[in-house]
Amino acid sequence: MESYEIRVMPMRECNREVSREVSAVFVDGYEKDLAFLSNNREKLIEAFQKMICPDVFYFATLEGDIVGILACSNNQNRALTIDKTILRNSFGYVKGSMAFHFMKDEFNKKLSYQDDTGYIECVATTVKARGKGVSTALMSYVLENEDYHRYILEVVDTNEVAYRLYKKLGFTEFERKKEGFSKMKGFEHRIYMELYVANK
């Protein structure tokens, strides 16, 4: 099996501007979810670049390129701050308003978890990096370097690859929530998983 040199780093510790590259991985990773907004990749990257919270993002590089991202949010900071003005300016009044309506609860709502809980979200890799251990490297880095006692994440029931990865890393399922408009969204349940780690 071929091995790859994957480096992981917190975005907040990077000494160069990487928000555009992080946004590009986000847009590529969530391409299907963002298609209702626009098929213009550059426009999507530019908009989401302005809404990223660098304090909670990590990125992985392979051969010098950013190929994977992960956010470890908490009850103070989320991965993205969804901004109505940015969305309207980028995608027009109607689409921007709709996007804000759909995304604000997903990202602008404070998490109700305790201070010792990290919430894993926005995990994405580029197409060329898939199957090379990038998501595993990101998850392992966060679990080893963050100080949370409990980690929670959410995965949709159609994302079997991610579900298997999280189980392999020790996460266990603790809740399934039926999704409204599931046919339109392409999945039926949101699966919530958790992992407890010993004090470091």
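The values are calculated or read from the model by the stated rules, or taken from the named source; none is laboratory data. Remember, it's a predicted structure, so these values are computed and weren't measured experimentally. With ideal geometry, Cβ positions are generated from the backbone for all residues, glycine too; neighbour counts draw on all protein chains shown.
Here the stretch 121-144 is the region considered, the condition is being touching a Lys or Arg at 6+ places or on another chain (Cβ under 9 Å) and of a type outside the set (Ser, Thr, Tyr), and the residue that is farthest from ASN159 (Cα to Cα) is GLU144.
Restricting attention to the stretch 1-56, and to residues there that are charged (D, E, K, R) and under 21 Å from ALA137 (Cα atoms), which single residue is surrounded by the most Cβ atoms within 10 Å (Cβ to Cβ)? Only one residue tops the list, namely GLU21.
Within the stretch 109-120, restricting attention to residues that are of a type outside the set (Val, Ile, Thr) and crowded, with 19+ Cβ neighbours inside 10 Å, the residue that is nearest to GLU154 (Cα to Cα) is TYR119. Among residues of the stretch 128-155 that are free of Cβ contacts under 8 Å to residues at least 40 places away in the same chain, those with a beta-carbon under 6 Å from a residue that is surrounded by fewer than 19 Cβ atoms within 10 Å (Cβ to Cβ) at least six positions away or on a different chain give the pairs GLU154/ARG190; GLU154/TYR192; VAL155/ALA162; VAL155/TYR163. Across the stretch 144-153, the qualifying residues are those that are within 13 Å of LEU70 (Cβ to Cβ) and in contact with a strand residue (DSSP E or B) (Cβ under 7 Å, 6 or more places away or on another chain), and the one among them that is surrounded by the most Cβ atoms within 10 Å (Cβ to Cβ) is TYR151.
Taken together, ALA129, ALA137, ALA124, ALA162 contain a single residue that is small (Gly, Ala, Ser), closer than 24 Å to ASP33 by Cα, under 18 Å from the mean Cα position of the chain (by Cα) and modelled with pLDDT of 95 or more, which is ALA124. For the stretch 25-58, taking the residues that are touching a residue at least 60 places away in the same chain (Cβ under 8 Å) and not charged (D, E, K, R), the one that is farthest from LEU87 (Cα to Cα) is identified as TYR58.
Being at pLDDT below 95 and either more than 27 Å from ALA35 (Cα to Cα) or assigned to a strand (DSSP E or B) (or both) narrows it down to one residue among LYS177, LYS183, LYS167; which is it?
Numbers: LYS183 fails: either more than 27 Å from ALA35 (Cα to Cα) or assigned to a strand (DSSP E or B) (or both); LYS167 fails: at pLDDT below 95.
Residue meeting the stated conditions: LYS177.
Of all residues in the stretch 113-129, those satisfying the criterion of being in contact with a strand residue (DSSP E or B) (Cβ under 9 Å, 6 or more places away or on another chain) and not aliphatic (A, V, I, L, M) are TYR113, GLN114, ASP116, THR117, GLY118, TYR119, GLU121, CYS122, THR125, THR126, LYS128.
Taken residue by residue, the stretch 90-98 has at least one member that is under 21 Å from GLU17 (Cβ atoms) and assigned by TED's automatic domain parsing to the domain that holds LEU34.
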